[in-house]
Amino acid sequence: MDGQLKSQKSKIMNKQELIQYTDQEFANQFQTQPEVNILSPGRINIIGGHVDNYDGYVLPAAIDKYICFSAKKNDEGKIRVYAADLKESFEFNLNDKVYKSDKVWENYFLGVLDRVLVEGKETFGVDIAFSSNLPIGAGLSSSAALTCGLATLLNKYYNLGWDKKQIALTGQW
């Protein structure tokens with residue numbers, strides 16, 4: 001992990017600080033204040049780690065580490081995403097077809113967007129910044145937190161009517 005990122009992340013201790021940090025990164029990137037925050041927790045599996053993908057038994061529990069999304073509608077007709085921890089961004093035109101990216105983290109967003117677009121509901125542009133105090137690759141379901149958090153955010157914006165099960169299935173998609 002980059003030294004600068006490591007020192008920045010060590011300063012983010014609780015969820016309120018994470019929200020403030022993500023909001024500030026959003027404001028720096030998009031030159032406006034976000035209108036909504038979504039927190040998506042990591043999880044541990046007390047039994048059955050990673051067997052849920054194969055219909056195995058699990059006993060998950062949420063933990064106190066999160067991915068935070070700060071977002072606001074835009075008039076661009078694009079989803080514009082800023083990964084604050086990576087200092088990377090990408091955008092997706094909502095009129096385009098979804099294609100796989102060379103960057104792994106972008107594909108989590110594109111997978112959820114593909115699922116949203118299949119719904120056929122009216123969409124509009126959204127600016128999103130996200131950050132996390134959840135360690136990546138530590139077995140704490142950071143990818144599930146990322147996809148389910150994004151699905152929750154877009155469900156809210158686009159009035160998709162998804163319940164928690166549909167959000168989880170979208171994250172799995």
Discussion item. When you scan the range 71-82, do you find a residue that is at pLDDT 90 or above, touching a helix residue (DSSP H, G or I) at 6+ places or on another chain (Cβ under 9 Å), open to solvent by 60 Å² or more (accessible area, probe 1.4 Å) and among the small types (G, A, S), even just one?
Written reply: no
Worksheet entry | Subset tally (residues that are hydrophobic (A, V, I, L, M, F, W, C), outside any strand (DSSP E or B) and in contact (Cβ under 8 Å) with a residue 12 or more places away in the chain) for the range 95-137 | 10
Fill in: Every residue from the range 157-173 that is part of a loop (DSSP other than H, G, I, E, B) and open to solvent by 50 Å² or more (accessible area, probe 1.4 Å)
N159, G161, D163, W173
Response to the item:
Checked the range 83-100 for anything more than 16 Å from the chain's Cα centre (by Cα) and either at pLDDT 90 or above or open to solvent by 80 Å² or more (accessible area, probe 1.4 Å) (or both); matches are N93, L94, N95, D96, K97, Y99, K100
Item to complete: For I47, work out the one condition from (1) in contact with a Leu (Cβ under 8 Å, 6 or more places away or on another chain); (2) modelled with pLDDT of 75 or more it doesn't fulfil.
Response: (2)
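With respect to L154, is the statement that it is assigned to a helix (DSSP H, G or I), closer than 19 Å to K73 by Cα and either free of Cβ contacts under 8 Å to residues at least 24 places away in the same chain or open to solvent by 30 Å² or more (accessible area, probe 1.4 Å) (or both) true? Outline the logic, then answer.
Working: assigned to a helix (DSSP H, G or I): yes; closer than 19 Å to K73 by Cα: yes; either free of Cβ contacts under 8 Å to residues at least 24 places away in the same chain or open to solvent by 30 Å² or more (accessible area, probe 1.4 Å) (or both): no.
No, not satisfied.
Taking the range 138-148, which residues are among the small types (G, A, S) and part of a loop (DSSP other than H, G, I, E, B)?
Residues satisfying the conditions are A138, G139, S141.
The values are calculated or read from the model by the stated rules, or taken from the named source; none is laboratory data. Note that the structure is predicted; figures quoted are calculated from it, not measured. Note that each Cβ is placed from the backbone with ideal geometry, even for glycine, and that neighbours are counted across all protein chains shown. The protein model used for the area step is the full one, side chains on, heavy atoms only, and it has no ligands, DNA or RNA in it. Shrake-Rupley method; radii C 1.70, N 1.55, O 1.52, S 1.80 Å.
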